[in-house]
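Report on the following structure.
The values are calculated or read from the model by the stated rules, or taken from the named source; none is laboratory data. Note that the coordinates shown come from a computational prediction; the quantities given were computed from them, not determined experimentally. Cβ atoms come from the backbone with ideal geometry, glycine included; neighbour counts cover every protein chain shown.
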Ligand code: GLN
């Protein structure tokens with residue numbers, strides 16, 4: 001297992017890369033965070049944890065919630081129902097691309113981009129964004145042992161903008177009959193993107209995708225291996241948007257990023273690497289987060305491809 005001193009050394013190197021990224025400006029509250037915040041937690045399936053940096057700083061998950069929305073939908077409704085609503089194909093367009101969805105006649109390419117996640121909100125039950133989000137929040141906290149909370153301030157900030165692209169996506173989904181209610185879907189999507197936690201919570205969530213059901217921590221209910229496999233595969237092929245292919249080659253792990261700078265990498269059967277550093281690259285992936293994951297994978301030789 002890694003030592004805190006090793007992690008600290010990588011954090012020092014990662015800090016020098018922060019200036020290569022930028023804070024997103026389209027959500028005012030995300031533009032206000034401290035770009036220097038940096039933290040990482042590595043956690044193994046047998047419960048070992050090592051953490052470094054600003055571990056107490058909470059942050060919103062943003063798109064890192066997408067694999068967990070997919071996992072929830074698979075567990076509750078099954079793969080057949082899920083893949084009637086969303087595809088499995090990578091996209092070389094940005095995560096909020098309306099053009100991609102148009103080109104695909106309103107069928108979302110994959111669950112890791114906005115169109116796919118907005119479509120999958122239909123699998124959450126409840127009449128409002130708030131109640132649907134609450135169902136997912138409780139399910140995650142029970143199954144992962146996390147303590148996610150809704151960041152009301154961030155939600156208010158997200159809602160302060162009309163976000164025409166996400167609205168256009170929802171309209172196209174409704175026109176193509178892949179979604180019933182655009183308003184509730186957008187509201188649900190905004191809520192779940194504003195679920196917030198610490199780096200420990202993100203690492204705990206990661207274990208949902210890697211915990212073995214035979215040697216699982218007894219405290220938590222099992223997750224179907226087949227569903228973990230599906231989510232991991234889609235993270236590998238689509239989790240970093242247009243850059244997923246390049247990072248599959250460079251790093252070789254399923255990874256999901258969020259525009260908040262949250263980043264989660266899964267080491268199947270072994271554990272999870274959770275990072276938070278808010279400066280992101282042009283694609284929307286945390287610059288320091290990707291550096292840290294790559295450094296660890298190289299040091300421990302843990303690419304899934306050997
Ligand atoms: N809520 C954000 C959005 O829709 C999430 C996107 C992301 O994290 N990449 O723009």
Do we find a residue being out of contact with any strand residue (DSSP E or B) (no Cβ under 7 Å at 6 or more places or on another chain) and either modelled with pLDDT under 95 or farther than 18 Å from residue 288 by Cβ (or both) anywhere in the stretch 10-22? no
Can you find a residue in the stretch 199-209 that is within 16 Å of the ligand (Cβ to nearest atom), in contact (Cβ under 8 Å) with a residue 60 or more places away in the chain, touching a helix residue (DSSP H, G or I) at 6+ places or on another chain (Cβ under 7 Å) and more than 13 Å from residue 65 (Cα to Cα)? no
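Results for (1) loosely packed, with under 15 Cβ neighbours inside 10 Å; (2) over 29 Å from residue 93 (Cα atoms), shown as yes or no for each residue.
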position	(1), (2)
121	no, no
129	no, no
132	no, no
135	no, yes
144	no, yes
152	yes, yes
155	no, no
160	yes, no
175	yes, no
Residue check: is residue 147 in contact with a strand residue (DSSP E or B) (Cβ under 7 Å, 6 or more places away or on another chain) and closer than 27 Å to residue 29 by Cα? yes
Report whether or not residue 193 is within 13 Å of the ligand (Cβ to nearest atom), in contact with a helix residue (DSSP H, G or I) (Cβ under 6 Å, 6 or more places away or on another chain), closer than 25 Å to residue 51 by Cβ and modelled with pLDDT of 95 or more. yes
Test: residue in the stretch 179-190 that is touching a residue at least 60 places away in the same chain (Cβ under 8 Å) and not in a helix (DSSP H, G or I): yes
